[in-house]
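Following: one structure in structure tokens, then a few remarks.
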Amino acid sequence: MSDPIKNRYEFVVYFDVENGNPNGDPDAGNMPRIDPETGHGLVTDVCLKRKIRNYVEMVHEDEPGFDIYIKDGVPLNASDRRAFDELGIDAKEIKKLKKDDPHLDEALRDVMCKTFYDVRTFGAVMTTFTKNNLNCGQVRGPVQLTFSRSVDPIIPQEVTITRVAITTEDDAQKKGTEMGRKYIVPYGLYRCEGYVSANLARKVTGFSEDDLELLWEALINMFEHDHSAARGKMAVRSLIVFKHDSELGNAPSHCLFDAVSIAKNPEIDAPRSFSDYGDVKIDMGAIPPEVKVIRKL
């Protein structure tokens, strides 16, 4: 692993969906998430973090230091025990060991951060450690994402579908098809904003320059290997990175975010493709000279 990052970053990601459901709401029949007051579409931060985790796991499968903590089919307690095993600690002896070694919390945290990319990146709530009154149970990660919001309002559509395969033999004698429903967004362009704290990387998780480059790579490719019937056509369209020349930063993040914009073309009423929008614009006059603007995509 390389040294922890030394610069603060912010970034803006634009991604779109066509005839798909980018992030269904289980409390609303899996309908695309929407702001009821404005009609803008929403995608949760954890949805995008899942894509990033999946990409890292796929690209760095079985490589040391790139395991995934929040993983389907793997109980969190089993992953927590890996830190105990590596340090040769019996979980039943935690109270005694903590009295003898005041730095036990940091040692366990460092093992988890070294082992799991997503703990090193996003942080984690590790219940095994929390239940044992260890301060390393809650780790703040240097990388955080906002909820994504569509640039323009969306109108989800409910589509009725049929299938000829009947579930049971009794039903097959009564009918020849079964009905179903699915929700789609005809087109939506979404914007997500994110933060990378060099201070937390240095003090807590050790998030490195190599980890950062992998994050950019994962953000750009997070939908390329995640296609499904519900997300058949999704793509990242733009990734703009702001690099400060210091650990604590040189400008408020909201000022940098406000400098980035995109708007649909004047003649377009209902966007149906990315070409219905103009270019992503950056107001360079609003960017301090100590902040470098990098167009990754």
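Between the beta carbons of residue 81 and residue 248, assuming R0 = 25 Å, the FRET efficiency works out to 0.10 to the nearest 0.05.
Suppose the chain between residue 74 and residue 272 were pulled fully straight at 0.36 nm per residue; how much longer would it get relative to their current alpha carbon spacing?
On the way: separation 198, 0.36 × 198 = 71.28 nm, distance 3.99 nm.
67.3 nm is the gain from fully extending residue 74 to residue 272.
Hydrodynamic radius of segment 1-104 by the Kirkwood approach over all distinct alpha-carbon pairs: 18.3 Å. Using bins of 5 Å that start at zero, the share of Cα-Cα pairs per bin across the chain amounts to 1, 5, 10, 13, 14, 13, 12, 10, 8, 6, 4, 2, 1, 0, 0, in whole %. Among 222, 126, 234, the largest mean-square fluctuation in a Gaussian network model of the chain, built with springs joining Cα atoms closer than 10 Å, belongs to 126.
Comparing 40, 225, 103 in a Gaussian network model of the chain where C-alpha atoms under 10 Å apart are linked, the largest mean-square fluctuation is found at 103. As a rough guide to protection, the peptides 80-88, 42-50 ranked by mean Cβ packing within 10 Å, highest first, stand as 42-50, 80-88. Mean separation of Cα pairs under 8 Å and 6 or more residues apart, divided by the residue count, gives the chain a relative contact order of 31 percent.
Taking label positions 7 Å along the Cα-Cβ direction at both residue 103 and residue 286, the computed distance is 4.6 nm, reported to one decimal.
The mean of 1/r over all pairs of different alpha-carbon atoms in segment 194-297, once inverted, gives a Kirkwood hydrodynamic radius of 16.2 Å. Its alpha carbons considered, segment 69-218 gives a radius of gyration followed by a Dmax of 23.6, 72 Å. The residues of the chain expose, per residue, 52 Å² of accessible area to a 1.4 Å probe.
I want to verify a result. In a Gaussian network model of the chain, Cα cutoff 10 Å, which of these has the top mean-square fluctuation: 198, 235, 107? Judging by the Gaussian network model, the answer is 107. What number, rounded to the nearest 500 deg cm²/dmol, is the helix-based mean residue ellipticity at 222 nm of the chain, given -39500 (n - 2.57) per DSSP H run of at least four residues and division by all its residues? About -8000 deg cm²/dmol.
The values are calculated or read from the model by the stated rules, or taken from the named source; none is laboratory data. Given the structure is predicted, the values throughout are model-derived calculations rather than measurements. Because the Cβ atoms are built from the backbone with ideal geometry, glycine has one as well, and the counts that use them run over all protein chains shown. Surface areas here come from the heavy atoms of the whole protein model, side chains and all, with no ligands, DNA or RNA. Shrake-Rupley method; radii C 1.70, N 1.55, O 1.52, S 1.80 Å.
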